[in-house]
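Here the structure is laid out as structure tokens; the discussion comes afterwards.
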Amino acid sequence: MTYDDFLTSKRREWSGDGLSISDADVPNGLFPFQARLTQWALRKGRAAIFSTTGTGKTRMQLAWANAIPGRVLILAPLCVSQQTMAEGEKIDVAVGLVGHGSRIEITNYERLHHVNPSDYAGVVLDESGILKAYDGKTRTRLIRAFADTPYRLCCTATPAPNDTAELANHCEFLGVMSRAEMLASFFVHVEDETGGRHMWRLKGHAHDAFYRWLASWGMFLRQPSDIGFSDDGYVLPELRIHQHIVEAGEGMAGEYLFAGMNAAGLRGRLAARRGSLDARVRKALELVQGDDQAIIWCGLNAEQDSIAAALNGASASVQGSDSEEDKIANLTAFLRGERRVLISKVRVAGFGLNLQHCRRMVFLGLGDSFEQYFQAIRRCWRFGQTRAVDVHVVVGEAETHIVANVQRKEREYDEVSTRMIEHMRIAEQEELGVTTRQRETFAPEQASGQAWTMYLGDCIETMERLPEHSVDLSVFSPPFLSLYTYSATERDLGNCTDRQEFLDHFRYVVQGLMRVTKPGRLVCCHIAQPATTLVNHGVIGLSDLRGAVIEAFVRDGFVYHGDICVDKDPQVQAVRTKTKALLFVQLHKDASWLRPGLADYILVFRAPGDNAVPILPDITNDDWIEWARPVWYGIRESDVLPVRAARSNEDERHLCPLQLPVIERCIRLWSNPGEVILSPFAGIGSEGYEAIRLGRRFIGIELKREYWQGAVRVLTELETTMNAQASLAL
């Protein structure tokens, strides 16, 4: 594999394992953007279409199901099956209820236990937002039931763009990545600004990579232009929201309604809602007068019973306790115009139904769920609606804060959705083939002084340009396994999903070092044993990176020359990492979790061949007695170059440069004055600082611009100071 090919393989994107489908294979009746999305989902095999209401998800999922080789099951909300089958007839895709012998079958989520998932090659989750409950029984049952189903498609209009749990549940259902893997790859667990509650925050350098990964299995769009297609026919008519505040009746207890204050707590809210029931029902009756059809959304059984009784035979009332047959009969009566008013709860009839023949609805009170509010409105205000839609929200005086809360959520949803679409627009259009993906470009730079050169670029590519056998000693500390900590590029050795990918990438570094190192000369590589975590690795322990790095050098021809253990202060580690393996509280709780602090190691490797120029260190016998010890003591962890000026705002951790005394000992022991010292991961220039100070020449390579600029500044200032001191000495 070439290095370019390897970098491409490091992209955390879902390549898919689906089908190839041509334009001719898509059923007639799909708009161009719908056909393209269907083809993309088929190519992926397992994918999600997060498309707003009215953009034709039903037709897309039917076209997808029609192309799947084998039986397909569609799971949908209650009462949606008939509409789905009707849509299938329009595009010549036959759909039948489960048990009726059709290749494509449909049923509702409540009947999942009546089907055998192994009977189906494909499954569609219509209104897949049902997955949002992380610990919900339905969510868990769905993931387990279809874990082995080859083809899976999720369709929903309202995934919360900032809801990491909902996105994680979708990608876990699809088998793209587990929830733990997604969080470990792109997010960091932090405490929110108010303290106390922990949340997952997207890593600073992970934004672009996360949205590209998301676009590789999930398409977000509110209108066709979001993915590069025309919006003709998708510009919706006006949506008019009207708020009506009614006075509370005498039934409102004084303890729940104070002057200028809203009802608080569940008990207070229920009392407030019941206290204003009669007034709200009277207002709702006024609002649905006339010949036009209307929908009334209720939250309480008492509301639904009261308004249904007042409307008498003019309404179709659909309750959760009704039989499936009665629900279908009442909804059908409303759809056919046989009933003028539909009365129901959003959770019963507010998801999946196409009711754009109606332009008027009333919320007989309001709950805190923005999703239910959004979905209910979108039953009417969707593609195919030709008239302005009027939405009336009728609440009591003590419930106005609920309206304000839902409106706040709506504003936040619009803002976050807009940002997400903007982030994903380019990646989605490249995924769909609307535009061509551009390869990552990297423009190398360099800066030089009297005795040093700093290259900005990829160390692997830069070492290919250095003269062969031109380096006398290499001293460096490579990035360890920690995704998107210091940069977003695939060239970053730290951006590896697991240990094996890190070692695969590191091998190119070792091969570059073999090429540039003089025969018989040494390479000093600093590493530490990384800890494993329950979230990222499934177990709390250590990973033997030291042994793996030794094996990597030896495999490509280096001789394992020796190693030095650098002592570390366990108390400093305990304060910094908070690991329970070092804490006093664990000592007195259960010592089985205790382990020593993690040391640093300097691994020393020798290039094959004979050294042409003897190394004559400027150290005494006493120095050598001290330095020959297998453990170096007395190295202060704080004895490093200052890094604050080089840190980026997006960096998740502080840069941890190698201690200057460690570098000094390596350079003095294994190189002569005037010789070339190389650091392929130069950071802010610590190895260069010591090399120049000790009279050597230095070549440094750094991938991150901020660190490269810091190193150039450090080395320039050092050389200026040394020149000034030399002038004074004369």
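The values are calculated or read from the model by the stated rules, or taken from the named source; none is laboratory data. This one's a predicted model, so the numbers in the text were calculated from it and none came from an experiment. We place every Cβ from the backbone using ideal geometry, glycine too, and count neighbours over all the protein chains shown.
Is it the case that some residue within segment 682-699 is among the small types (Gly, Ala, Ser), closer than 18 Å to residue 487 by Cβ, under 37 Å from the mean Cα position of the chain (by Cα) and not assigned by TED's automatic domain parsing to the domain that holds residue 641? No: zero hits. Looking across 107, 52, 149, 84, one residue alone is of a type in the set (S, T, N, Q) and either outside the structural domain of residue 170 (by TED's automatic domain parsing) or within 23 Å of the chain's Cα centre (by Cα) (or both). It is 52.
Of the candidates 327, 409, 345, the single residue that is touching a Phe, Trp or Tyr at 6+ places or on another chain (Cβ under 6 Å) and not hydrophobic (A, V, I, L, M, F, W, C) is 409. Only a single criterion out of (1) over 22 Å from residue 667 (Cα atoms); (2) touching a Cys at 6+ places or on another chain (Cβ under 9 Å) is not satisfied by residue 556, namely (2).
Residues that are among the β-branched types (Val, Ile, Thr) and not in a strand (DSSP E or B) within segment 86-129 comprise 91, 93, 95, 98, 115, listed in sequence order.
Counting only strands (runs of 3 or more DSSP E) wholly contained in segment 315-376, the ones carrying 3 or more residues that are without any contact (Cβ under 8 Å) to a residue 40 or more places away in the chain and more than 38 Å from the chain's Cα centre (by Cα) occupy 315-318.
Residues are listed down the side, and each one gets a yes or a no for (1) within 30 Å of residue 365 (Cα to Cα); (2) touching a Gly at 6+ places or on another chain (Cβ under 8 Å); (3) buried (at least 18 other Cβ atoms within 10 Å of the Cβ); (4) without any contact (Cβ under 8 Å) to a residue 12 or more places away in the chain:
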residue	(1), (2), (3), (4)
401	yes, no, no, no
404	yes, no, no, yes
447	no, no, no, no
451	no, no, yes, no
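Run down 548, 574, 581 and say which single residue is in a loop (DSSP other than H, G, I, E, B) and either under 38 Å from the mean Cα position of the chain (by Cα) or without any contact (Cβ under 8 Å) to a residue 24 or more places away in the chain (or both). Checking each option against the conditions leaves just 581.
Criterion first (outside the structural domain of residue 609 (by TED's automatic domain parsing) and on the phi > 0 side of the Ramachandran plot) does residue 589 satisfy it? Spelling it out, it is not the case that residue 589 is outside the structural domain of residue 609 (by TED's automatic domain parsing) and on the phi > 0 side of the Ramachandran plot. Within segment 12-26, residues that are touching a residue at least 12 places away in the same chain (Cβ under 8 Å) reach partners that are of a type in the set (S, T, N, Q) with beta carbons closer than 7 Å, at six or more positions or on different chains, in the pairs 12/185; 12/497; 13/216; 14/216; 21/39; 26/38; 26/39. Residues of segment 460-476 that are touching a strand residue (DSSP E or B) at 6+ places or on another chain (Cβ under 8 Å) and outside any loop (DSSP other than H, G, I, E, B): 462, 463, 471, 472, 473, 474, 475, 476.
The rows are residues; the columns are (1) surrounded by 12 or more Cβ atoms within 10 Å (Cβ to Cβ); (2) closer than 19 Å to residue 175 by Cβ.
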residue: 93; (1), (2): yes, no
residue: 98; (1), (2): yes, no
residue: 106; (1), (2): yes, no
residue: 109; (1), (2): yes, no
residue: 114; (1), (2): no, no
residue: 120; (1), (2): yes, yes
residue: 130; (1), (2): yes, yes
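Residue 570 falls short on exactly one of the conditions (1) surrounded by 17 or more Cβ atoms within 10 Å (Cβ to Cβ); (2) within 24 Å of residue 656 (Cα to Cα), and that condition is (1).
Taking residue 520 as the residue in question, decide whether it is assigned to a loop (DSSP other than H, G, I, E, B), in the same structural domain as residue 637 (by TED's automatic domain parsing), of a type outside the set (S, T, N, Q) and modelled with pLDDT of 95 or more. Against the criterion (assigned to a loop (DSSP other than H, G, I, E, B), in the same structural domain as residue 637 (by TED's automatic domain parsing), of a type outside the set (S, T, N, Q) and modelled with pLDDT of 95 or more), residue 520 does not qualify. Restricting segment 272-314 to residues that are part of a loop (DSSP other than H, G, I, E, B) and either of a type in the set (Lys, Arg) or over 47 Å from the mean Cα position of the chain (by Cα) (or both) leaves a set whose member that is nearest to residue 357 (Cα to Cα) is 291.
Matching residues to (1) touching a Ser or Thr at 6+ places or on another chain (Cβ under 9 Å); (2) over 28 Å from residue 237 (Cβ atoms); (3) of a type in the set (Asp, Glu):
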position: 58; (1), (2), (3): yes, no, no
position: 70; (1), (2), (3): no, yes, no
position: 80; (1), (2), (3): yes, no, no
position: 83; (1), (2), (3): yes, no, no
position: 108; (1), (2), (3): yes, yes, no
position: 114; (1), (2), (3): yes, yes, no
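From the set of residues in segment 56-85 that are of a type in the set (Gly, Ala, Ser) and part of a helix (DSSP H, G or I), which is nearest to residue 18 (Cα to Cα)? Only one residue fits best here, namely 67. Sort out which residues of segment 477-505 are out of contact with any Cys (no Cβ under 9 Å at 6 or more places or on another chain) and part of a helix (DSSP H, G or I), and write them in order of number. If the condition is that a residue be out of contact with any Cys (no Cβ under 9 Å at 6 or more places or on another chain) and part of a helix (DSSP H, G or I), then 499, 500, 501 are the ones that fit.
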